[in-house]
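The structure appears right after this line, and notes come after that.
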Amino acid sequence: MHPISRRQLLRATAGAGALALPGLGAPPATAGTLPPHRWIGAGPPTPVYDPSTRERRRYLNDHTLLRAGGRWHLFGIVGDSAPPGRSPDSAKEVSFAHASAPSPYGPWTGHADALTVDPGYHGEEHLWAPHVVEADGTYRMFYAAGGAEGAAINLATSTDLFTWTRIPSGPLFRGRAARDPMVLRVGAEWVMYYTEVSASDGRHLVCTRRSDDLLHWSEPGTAYADATTEATGVSVTESPFVVERDGWYYLFIGPRNGYDGTDVLASLDPFRFTLDGWAGHVPGHAVEAVTDGQDWYASAAGWFGKGLSMAPLEWRDTPPRWQSPDNPVVSLDVDGRLNVFALDADDRSVLRRVQLDPEDGTWSEWERFGGPAGAVPTLGRDADGRLEVFSLAPGGVNLHHRVQRPDGGWYDWEEFGGPAAAAPAVARDADGRLEVFALSPDGAVVARRRQTAPGARGWDPWDAGFGGPAGAPPVVAANADGRLEVFSLAPGGAALTHRWQLAPGGAWSAWGAFGTAAAGAPRVTRDGGGRLTVAALAPSGVGSFHRRQSLPSGGWDAWQPLFGWSAAAPLLVPSADGRLEAFALAPGGERLDHRWQLAPGGSWDPGEEFGEPGVTLAATPSAAADATGRVHLFAVTTDGRIRTRAQERPSGGWQPWTAFGHRAVAPLRSGAPAS
């Protein structure tokens, strides 16, 4: 049997498996005897250890952390980094890095590699996903290997964490794609979680095996079966890590919402997890959760990062909130001037900056516009051009709303109510009325609300039964005939769905399938020819695709590739001549790619790198055309600065990047949970 490599499983690109500290678990609890599960989020990540040297830029990937003898020890896949936006060759992951530190935040001291591939040991070809536990004074490192005889889970032991010896008997077991082992003590036995592919239907699985001695393991069981299959070529069931707290078990699994994302599923049964138990999201690849007995931490590492990062792990009473699709957000106002809104980096207040003269490019200073807010706001534009701002209240309590006056000033903020997982999606219908679509914090409901009349201050009651469940906030756009169309991500990224008005301003269709598995919320825009185009992120972020209407307000052409590795669904913006311009940020934020249609609705130019050397972006840029027809691009860097770039003329080339003010804004990832 030929081994299934990480390249094959993740379509020659995405990464896999992280492991973590063993936790002392307990037998499955009885439903009804425990309080509800906690919701999981994470604070801002901090880079804490980079294995690069002056001569070599190196990455860490799947890793494990444990505390021993008063120090923390890190073991992880290490390899040579690829150029920005490109993935390294996982077949060359042949050693495990080792470092130690007095605390998870360091300072970390690098040591000699802990283990190097040994082809003479039952045909090892790679070393993936180490996980270390201690029992009876001996440290045991479980890891994934492979060779001509198939994927294998191997074991090496140590008494000092520096010298490791493979067990003489060979692999503990083999499988079709067995990899990414993680071991947890549950009651009186050890349980190993690892990823696998079902022999019967090709579904991606998290499997379990049980042991009394950490050497002999039972036949496998299935703890989680994902909707994605081997046929998709991409697995989103990598890096399984399970922790027990207060009788609940939490499965961390990814890559979800792109390469740098991990979902958390909660269950009372450590041997059964489902998407119904979704309990939050942690930004980062190969996340593991560890505790020093007082505080909890979420560690992450991956191909596109700079070593190990650490963030405070949050056990919340409320679900995490989602970031708005754009950061910052920009639109024309009633006076035909661009308005840019962002969140202050210090207190999350809403900031606003206004274009003073489209011809000479002057702008106002930043001003406080309200807040603080739970996410960057979203914007609607009334039929008369007045802006309406929709903001998420701090803590996700509800939505807030502020409306521009006809004279260009603003009414006061007012409560808007509704489900508050994110600022809502907004579009104007055929009657000229704004309609908003909002996601509930737990993703169970998509609600809809519309103005009582075009430009009115009043709104109809919320329709809480419009849709759901959903795995991300919905997006909406108007067809050429005015009919609205809403697109949604199914829980766990299992599929894309959509729903549309059957007549302008009329009733709605049922939800229908729009695409297979996706990694996050899509984007939608209308081109100069009146046809909608949807852009979506492939599972794990290995690429992005687009789908265009066959004719305005009509059916849909097939999906087509648009970019390679992407951190989120690409931005699509029409130029003055109707051609779409597309922008995609690579995972890690070091590369921004740009493509454009050669004619409205036509083929695409191969594209170019569009970012700035040495500048790392936190999110996919936002864009809008000013009153002259020139498109302006706005991008937030990882240090909270906004950079901007504008077309030299409508539908023309581009001016250089420049700073957009000196105020630091919140560097939030587009479309990702904001907490």
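See the values below:
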| item | result |
| --- | --- |
| Only listed residue being touching a strand residue (DSSP E or B) at 6+ places or on another chain (Cβ under 8 Å) and without any contact (Cβ under 8 Å) to a residue 12 or more places away in the chain, chosen from Ser575, Ser544, Ser603 | Ser603 |
| Lone unmet requirement of (1) of a type outside the set (Ser, Thr, Tyr); (2) surrounded by 23 or more Cβ atoms within 10 Å (Cβ to Cβ); (3) touching a Gly at 6+ places or on another chain (Cβ under 7 Å) for Pro394 | (2) |
| Criterion violated by His131 - all others in (1) touching a residue at least 60 places away in the same chain (Cβ under 8 Å); (2) surrounded by fewer than 22 Cβ atoms within 10 Å (Cβ to Cβ) satisfied | (2) |
| Scope the range 386-403; condition part of a strand (DSSP E or B) and without any contact (Cβ under 8 Å) to a residue 24 or more places away in the chain; matching residues | His401 |
| Selection count, the range 482-539, where residues are over 17 Å from Trp559 (Cβ atoms) and β-branched (Val, Ile, Thr) | 1 |
| From Gly277, Gly247, Gly293, Gly307, residue being free of Cβ contacts under 8 Å to residues at least 12 places away in the same chain and over 18 Å from the mean Cα position of the chain (by Cα) | Gly293 |
| Matching residues, the range 459-468, being assigned to a loop (DSSP other than H, G, I, E, B) and modelled with pLDDT of 95 or more | Asp460, Pro461, Trp462 |
| Restricting the range 271-302 to residues that are β-branched (Val, Ile, Thr) and not in a strand (DSSP E or B), the residue that is surrounded by the fewest Cβ atoms within 10 Å (Cβ to Cβ) | Thr274 |
| Candidate set from the range 460-491 (those that are among the aromatic types (Phe, Trp, Tyr) and closer than 19 Å to Pro504 by Cα); member that is surrounded by the fewest Cβ atoms within 10 Å (Cβ to Cβ) | Phe466 |
| Test: residue in the range 145-160 that is modelled with pLDDT of 95 or more, assigned to a loop (DSSP other than H, G, I, E, B) and either exposed (fewer than 15 other Cβ atoms within 10 Å of the Cβ) or in contact with a Leu (Cβ under 9 Å, 6 or more places away or on another chain) (or both) | yes |
| In the range 404-445, residue surrounded by the fewest Cβ atoms within 10 Å (Cβ to Cβ) [restricted to those that are within 20 Å of the chain's Cα centre (by Cα) and not in a loop (DSSP other than H, G, I, E, B)] | Ala425 |
| Wholly within the range 171-270, strands (runs of 3 or more DSSP E) carrying at least 1 residues that are among the small types (Gly, Ala, Ser) | 173-175, 203-211, 221-229, 238-245, 248-254, 261-267 |
| Test: residue in the range 499-511 that is surrounded by 21 or more Cβ atoms within 10 Å (Cβ to Cβ), assigned by TED's automatic domain parsing to the domain that holds Val397 and modelled with pLDDT of 95 or more | yes |
| Test: residue in the range 644-652 that is in contact with a strand residue (DSSP E or B) (Cβ under 7 Å, 6 or more places away or on another chain), closer than 18 Å to Asn327 by Cβ, among the charged types (D, E, K, R) and without any contact (Cβ under 8 Å) to a residue 40 or more places away in the chain | yes |
| Boolean, Ser239 is small (Gly, Ala, Ser), surrounded by fewer than 23 Cβ atoms within 10 Å (Cβ to Cβ) and not assigned by TED's automatic domain parsing to the domain that holds Gly493 | no |
| Single residue of the range 70-99 satisfying the filter (touching a helix residue (DSSP H, G or I) at 6+ places or on another chain (Cβ under 9 Å) and of a type in the set (D, E, K, R)) that is modelled with the lowest pLDDT | Asp89 |
| Candidate set from the range 536-551 (those that are in a strand (DSSP E or B) and under 13 Å from the mean Cα position of the chain (by Cα)); member that is farthest from Gly602 (Cα to Cα) | Leu537 |
| Residue among Ala477, Ala472, Ala518 that alone is in contact (Cβ under 8 Å) with a residue 60 or more places away in the chain and either in contact with a strand residue (DSSP E or B) (Cβ under 9 Å, 6 or more places away or on another chain) or in the same structural domain as Ser553 (by TED's automatic domain parsing) (or both) | Ala472 |
| Hits in the range 307-323 (condition: part of a strand (DSSP E or B) and basic (Lys, Arg)) | Arg316 |
| Exclusive hit being closer than 25 Å to Ala494 by Cα and either crowded, with 24+ Cβ neighbours inside 10 Å or modelled with pLDDT under 95 (or both), set Gly233, Gly305 | Gly233 |
| Filter pass, Ala375 being touching a strand residue (DSSP E or B) at 6+ places or on another chain (Cβ under 9 Å), crowded, with 19+ Cβ neighbours inside 10 Å and in a loop (DSSP other than H, G, I, E, B) | yes |
| Candidate set from the range 47-69 (those that are in a loop (DSSP other than H, G, I, E, B) and surrounded by fewer than 20 Cβ atoms within 10 Å (Cβ to Cβ)); member that is modelled with the highest pLDDT | Asp50 |
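Yes/no matrix, rows are residues, columns are (1) exposed (fewer than 15 other Cβ atoms within 10 Å of the Cβ); (2) in contact with a Ser or Thr (Cβ under 9 Å, 6 or more places away or on another chain):
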| position | (1), (2) |
| --- | --- |
| Phe610 | no, no |
| Ser622 | no, yes |
| Gln647 | no, yes |
| Pro656 | yes, no |
| Leu668 | no, yes |
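The values are calculated or read from the model by the stated rules, or taken from the named source; none is laboratory data. All figures in this text were calculated on a predicted structure; none of them were measured in a lab. Note that we place each Cβ from the backbone using ideal geometry, even for glycine, and neighbour counts take in every protein chain shown.
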